[in-house]
1. Residues being touching a strand residue (DSSP E or B) at 6+ places or on another chain (Cβ under 9 Å) and more than 14 Å from ligand 2 (Cβ to nearest atom): count how many of those fall in region 176-198.
2. Which ranges mark the helices (runs of 4 or more DSSP H) fully within region 92-210 that have 3 or more residues being open to solvent by less than 50 Å² (accessible area, probe 1.4 Å) and modelled with pLDDT of 80 or more?
3. Just to be sure, is L198 under 27 Å from P49 (Cβ atoms) and aliphatic (A, V, I, L, M)?
4. Could you tell me which numbered condition E222 fails, if it satisfies all but one of (1) more than 16 Å from ligand 2 (Cβ to nearest atom); (2) in contact (Cβ under 8 Å) with a residue 24 or more places away in the chain?
5. Looking only at residues that are assigned to a loop (DSSP other than H, G, I, E, B), at pLDDT 95 or above and more than 10 Å from ligand 2 (Cβ to nearest atom) in region 232-273, which one is surrounded by the most Cβ atoms within 10 Å (Cβ to Cβ)?
6. Hey, among K232, K217, which residue is of a type outside the set (G, A, S) and touching a strand residue (DSSP E or B) at 6+ places or on another chain (Cβ under 7 Å)?
7. What number of residues in region 211-223 are exposed (fewer than 10 other Cβ atoms within 10 Å of the Cβ) and not in a helix (DSSP H, G or I)?
Amino acid sequence: QNAAPLAKFKPSRISTSLRSSLQSIVAPEVDQDFTSAQTRVKILSEALPFIQKFRGKTIVVKYGGAAMKSEALQASVIADWLGKLNIEPNFLNGLRVTDASTMEIVSMVLVGKVNKQLVALINKAGGTALGFVGDIASVDPTIIRPLIDNNHLPVIASVAADATGQAYNINADTAAGELAAALGAEKLILLTDVAGILEDRNDPESLVREIDIKGVKKMIEEGTIAGGMIPKVNCCVRSLAQGVRTTSIIDGRLKHSLLLEILTDEGAGTMITG
Ligand code: ADP
Ligand code: ARG
């Protein structure tokens, strides 16, 4: 409808090229395009402040458990992370790894087993192969920081070793929270299998979109936040207390929940602020 006044021009009095552009503006099928262009501008203007705000900032994402169950979901979350980085399929010893099941085995062996064995060995030998020391007595971000600064996207398993090289399975929420604090991250995002913090655990519609530390403490006291949600929320509170600006608990089952949370005003779950 915005294009309508343009149609008042007499086509005969204007140049052919302008006439054809005007005709394309008023043509019904292109009008659709025009509307979607408006929508695109709206989306961009909502996202731009966040793109500026988060530029050069670190966001720590905890991804695992329920949010990782479906393969389609995994692919969609990974695409949200990597889409803009143009990551090519991996090469291993000069060979292109394209076969999905081969890739799965390779990553299982390299990341899951060999990597951790090496970490344990190096730590035993007195080196520092991984940032985590002890039962999250401290997080040493000196290995991860330069990787992030060089635009790598470290994927960190929540396995850590003590001073003797003994490996421990650390709670992944806790690990992400402490890591976010140590990195001076802007935002910590925990992906889970509920919409976020719910006012009524059995009603997915009762999502709390934004809440502060006081508010979550009250919800825990009242018993509204219970079970597995308590350590999650507490981990957010600890990160906030250590300087992480905002933390979010979002639905990993929801397609593009990461982008929705980061780039829209409304977000995709519950944002907890300090
Ligand atoms: P994950 O496996 O992703 O780490 P958890 O199962 O440990 O997640 O914690 C999430 C669970 O917390 C939800 O599935 C839900 O059953 C429970 N929960 C308890 N209270 C709430 C609440 N107020 N809002 C949302 N979830 C809650
Ligand atoms: N995109 C903004 C941010 O990441 C706002 C997100 C709001 N999220 C919410 N669940 N209320 O800071």
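1. Taking region 176-198 and keeping what is touching a strand residue (DSSP E or B) at 6+ places or on another chain (Cβ under 9 Å), we get 176-183, 185-198.
So of that shortlist, the ones also more than 14 Å from ligand 2 (Cβ to nearest atom) come out as 176-179, 181-183, 193.
So the answer is 8.
2. Numbers: elements: 100-107, 115-124, 144-149, 172-183.
The helices (runs of 4 or more DSSP H) meeting that bar are 172-183.
3. Values: under 27 Å from P49 (Cβ atoms): no; aliphatic (A, V, I, L, M): yes.
No; evaluated as a whole, the condition is false for this residue.
4. (2)
5. For region 232-273, the residue satisfying everything is V244.
6. Details: K217 fails: touching a strand residue (DSSP E or B) at 6+ places or on another chain (Cβ under 7 Å).
That would be K232, the only listed residue that is of a type outside the set (G, A, S) and touching a strand residue (DSSP E or B) at 6+ places or on another chain (Cβ under 7 Å).
7. In the first step, residues of region 211-223 are kept if they are exposed (fewer than 10 other Cβ atoms within 10 Å of the Cβ); the result is 214, 221-223.
In the following step, the residues that additionally are not in a helix (DSSP H, G or I) were identified as 223.
So the answer is 1.
The values are calculated or read from the model by the stated rules, or taken from the named source; none is laboratory data. Bear in mind the structure is a predicted one, so any value in this text is a computation, not a measurement. Using ideal geometry, Cβ is built from the backbone for each residue, glycine included, and neighbour counts are taken over all protein chains shown. What goes into the accessible areas is simple: the full protein's heavy atoms, side chains included, and nothing from ligands, DNA or RNA. Shrake-Rupley method; radii C 1.70, N 1.55, O 1.52, S 1.80 Å.
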